[in-house]
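Working notes for the structure below.
The values are calculated or read from the model by the stated rules, or taken from the named source; none is laboratory data. Predicted model, so just to flag it, every value in this text is computed and none were measured. Reconstructed Cβ throughout: ideal geometry from the backbone, glycine too, with neighbour counts over all protein chains shown. Accessible surface areas use protein heavy atoms only, side chains included; no ligands, DNA or RNA. Shrake-Rupley method; radii C 1.70, N 1.55, O 1.52, S 1.80 Å.
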Amino acid sequence: MNADLIERAITKKTKAIVPVHLYGQMCDMRKIRALADKYRLVVIEDAAHAIEAEREGIKVGKLGDTACFSFYATKNITSGEGGAITTHKKKTADLLKMLRLHGIDKSAIDRYTKSYRHWDMPLLGWKYNMDNIQAALLIGQLQRIDELWSRREKIWSMYEDAFFNVNGIRILKTVSDSRHSRHLFTILVNPHKRDSILDLLQKKGVGVAVNYRSVHLLSYYRKKFGYKNRDFPVAEDIGKRTISLPLYPGLKDAEIEYVIKTVMDVVRENV
Ligand SMILES: Cc1ncc(COP(=O)(O)O)c(C=O)c1O
């Protein structure tokens, strides 16, 4: 999210700003918070990629009204499925606790500790609470979060050194004075060659993905909101060019070197 472009997109109908800290790079939360205060908007941080992130000394979640974290299987720490929401406001926390449990105002522990107590259901919620078994999976990873990050940081710098200044490859810069959570390493290639590059890399055993083709052009959003080509040209261009490379702590140095060499060979033939 380019914080300098937000103000002109705000209308009377705007209720919230939802900064997505994409790939692990935090958005400019100081600017976003100031704008939100000026227009009395809520800020909901999408921190699914960014649990370890900081920018200019501000940690993810610090300036948002809420920040949503994901512990889905592909994320930096995972319980298979699940997530967490942080907030500074007790009222929001209490509401979220009820909403995740059908709308019930007492959790099982509140209902049964020492003796049974009645409970009420003031509103209609969902069954979105994390169970203890999932939470147990996360505890060990939380203790190792810096160690896991350091390994991804190392892999990231190997990729960065290798792909810096290579004809046919663009890489994204990390914003200065920020701690990137190193969730997804992406390269940008020729949009007309991207899909052939994807095929060739997979044939050579390199696991790749596309994060993401532009959302407004997916069928649902086209149909629901009438979006069309060129409505969001930057997202569209990145969506046609981007490729995510393998980035996880278990990658061995020899595997990283293989990825680098294979990407170089394939792109050289497909500039
Ligand atoms: C940027 C981003 N936001 C939100 C989500 C959703 O997280 P969850 O699957 O835990 O609901 C994901 C991925 O799953 C994501 O990549």
- segment 45-167 shape via C-alpha gyration tensor axes, a/c threshold 1.5: prolate
- Message: About the Cα centre, and with charges only on the beta carbon of Lys, Arg (+1) and Asp, Glu (-1), how big is the dipole of segment 137-271? Nearest 20 debye, please.
- Response: 620 debye
- Message: Using the Cα centre of the chain as the reference point, and only Cβ charges (+1 on K/R, -1 on D/E), how large is the resulting charge dipole? Debye, rounded to the nearest 20.
- Response: 1000 debye
- Message: If I take every Cα pair under 8 Å that is 6 or more residues apart in the chain, average their sequence separation and divide by the length, what percent do I get for the relative contact order?
- Response: 16 percent
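Please list, by residue number, every one of the GluC sites (Glu not before Pro) in segment 21-71 that is coil in DSSP and has at most 12 other beta-carbon atoms within 10 Å. Can you show the working numbers first?
Values: sites: Glu45, Glu52, Glu54, Glu56; in loops: Glu52, Glu56.
Loop-located and lightly packed - Glu56.
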- Task: For segment 2-80, compute Rh as the Kirkwood radius over C-alpha pairs and then the Stokes-Einstein diffusion coefficient at 4 °C and 1.567 mPa s; write the answer in µm²/s, rounded to an integer.
- Result: 100 µm²/s
- Along the positive direction of the dipole of the chain (beta-carbon charges: Lys, Arg +1; Asp, Glu -1; about the Cα centre), which of Ala48, Gln141, Val259 reaches farthest? Ala48
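Check each of the trypsin sites (Lys or Arg not before Pro) in segment 74-132 and keep only those in coil by DSSP with at most 11 other C-beta atoms within 10 angstrom; list them in order. Kindly include the intermediate steps, with their values, before the conclusion.
Values: sites: Lys75, Lys89, Lys90, Lys91, Lys97, Arg100, Lys106, Arg111, Lys114, Arg117, Lys127; in loops: Lys75, Lys89, Arg100, Lys106, Lys114, Arg117.
In loop regions of segment 74-132 (DSSP not H, G, I, E or B), the sparsely surrounded trypsin sites (Lys or Arg not before Pro) are Lys89, Lys114, Arg117.
Probe radius 1.4 Å, ligands and nucleic acids ignored: give me the carbon and sulfur share of the accessible area of segment 180-249 as a rounded percent.
Numbers: 2160 of 4000 Å².
Of the solvent-accessible surface of segment 180-249, carbon and sulfur hold 54 percent.
Helix-only mean residue ellipticity at 222 nm, the chain, DSSP H runs n ≥ 4 weighted -39,500 (n - 2.57), per residue, nearest 500. What is it? Before the final figure, lay out each step's value.
Details: 9 runs with 99 residues, N = 271.
Computed mean residue ellipticity for the chain: -11000 deg cm²/dmol.
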- Carbon/sulfur accessible area of segment 77-175, % of total, 1.4 Å probe, equals 59 percent
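Over all pairs of distinct alpha carbons, what does the Kirkwood formula give as the hydrodynamic radius of the chain, in Å? Walk me through the intermediate numbers first.
On the way: mean 1/r = 0.0473 Å⁻¹.
About 21.1 Å, per the Kirkwood formula over Cα pairs.
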- Item | Distance in nm between pseudo-label sites at Asn229 and Asp120 (7 Å out along the Cβ direction from Cα) | 5.8 nm
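Kindly rank 169-176, 60-67 from highest to lowest mean number of other beta carbons found within 10 Å of each residue. Don't skip to the end; give the middle numbers.
On the way: 169-176: 13.9, 60-67: 21.4.
Per-residue Cβ counts within 10 Å, averaged per peptide and sorted highest first, yield 60-67, 169-176.
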